[in-house]
1. Does Asp85 satisfy the criteria of being at pLDDT 85 or above, among the acidic types (Asp, Glu) and not in a helix (DSSP H, G or I)?
2. Find all pairs meeting these conditions: Cβ atoms under 8 angstrom apart; at least six residues apart or on different chains; first residue within the stretch 174-203 and of a type in the set (D, E, K, R); second residue modelled with pLDDT of 85 or more and assigned to a loop (DSSP other than H, G, I, E, B).
3. Look through the stretch 210-239, keep the residues that are open to solvent by 50 Å² or more (accessible area, probe 1.4 Å) and either at pLDDT below 90 or assigned to a loop (DSSP other than H, G, I, E, B) (or both), and return whichever of them is nearest to Val55 (Cα to Cα).
4. Under 7 Å by Cβ, and 6 or more places apart or on different chains, what pairs join a residue from the stretch 36-49 that is closer than 11 Å to Phe103 by Cα with one that is of a type in the set (Phe, Trp, Tyr) and outside any helix (DSSP H, G or I)?
5. Just wondering, is there one or more residues in the stretch 184-205 that are at pLDDT below 75, outside any loop (DSSP other than H, G, I, E, B), acidic (Asp, Glu) and touching a strand residue (DSSP E or B) at 6+ places or on another chain (Cβ under 7 Å)?
6. Does Lys101 satisfy the condition of being under 12 Å from the mean Cα position of the chain (by Cα), over 23 Å from Arg241 (Cβ atoms) and loosely packed, with under 14 Cβ neighbours inside 10 Å?
7. Considering only the stretch 125-158, state which residues are open to solvent by 40 Å² or more (accessible area, probe 1.4 Å) and modelled with pLDDT of 85 or more.
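The values are calculated or read from the model by the stated rules, or taken from the named source; none is laboratory data. Quantities reported herein were computed from a predicted structural model and do not represent experimental measurements. For neighbour counting, all protein chains shown are included, and Cβ atoms are generated from backbone atoms with ideal geometry for every residue, glycine included. Each accessible area value is taken on the protein alone, full model and side chains, heavy atoms only, with ligands, DNA and RNA left out. Shrake-Rupley method; radii C 1.70, N 1.55, O 1.52, S 1.80 Å.
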Amino acid sequence: KMKKTNAFTLVELLVVISIIAILLAILMPALQSARNQAKRVICGSNVKQMGLGLVTYANQNDNKMPSHQKTSYIYLWDIATPTIDAITRQLGAKDPNSIKKFFYCPNASRQVLTEKLINQYWQRSRGGSYDYRVVGYFFLLKRPKGYDNIELLKTQPTVLVDRIDMSKASSNELITDMVLGLKTSKGMKWDYVEQVRNQPMPTNHLSKIKNGSLSGQPIGGQVIFVDQHLEWRPFNKMQKRADGDAGIEMWF
């Protein structure tokens, strides 16, 4: 008599493989969603830490924010090096490079916002009296008048912050996630715009995953206010607040 074996038949093996593939197909979107949720939490922590650095500086300097008044740039993602340095000191770090990760959203498209590109944005460039760095958030600090590379919309007024003892501190934004749109002949483009140092800069917290990268419409963004309370603002609650060069729109 032939002895029975416990080996799988080819059909049984294929069935097991099919079941595993189905389970992975079911679980992967949930795992990806959980991963993105975790990144959203980290992003909120980043914004909270940067806001804390600014407010701590102001508390030690007669309620005044670091100055952006001697610069010839006013894009909301251009941050004067003295401001970066002030945040660094208040967070207890000696070297701005050691906290660089705080200034870029972990839930931006990594196929666009690569480590190489982050390093390029982080390099100091000259603008007026101060040099500056390009970061991945909007800093709503008061900027000089008379420059035309950004237009704050009067229909949705934005108060740029220079003091923390301002009125309506609980409703005035201090730092927000960067949501950039670009008008094209095919409609709005959200995944990235190519106007930041002639390099692509992606919107944070896009809605879809394609080839491992975020794309589609934004789902929202973190907002920290002057009084230091943090909110997640869904995209349907956002409005276009500023226009930039070449059709760039800034939403928060």
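1. So Asp85 does not fit the description; no.
2. That search, which allows pairs on different chains as well, returns Asp177/Cys105; Asp177/His205; Asp177/Phe252; Asp191/Thr203.
3. Asp227
4. Short answer, once both residue conditions are applied: Val47/Tyr137.
5. yes
6. On the way: under 12 Å from the mean Cα position of the chain (by Cα): yes; over 23 Å from Arg241 (Cβ atoms): yes; loosely packed, with under 14 Cβ neighbours inside 10 Å: yes.
Taking the combined requirement at face value, the residue satisfies it.
7. none
Residue-wise test of (1) modelled with pLDDT under 90; (2) over 27 Å from Gly244 (Cβ atoms).
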residue	(1), (2)
Val47	no, no
Leu52	no, yes
Thr56	no, yes
Gln60	no, yes
Asn63	no, yes
Pro66	yes, no
Gln69	yes, no
Ser72	yes, no
Leu76	yes, no
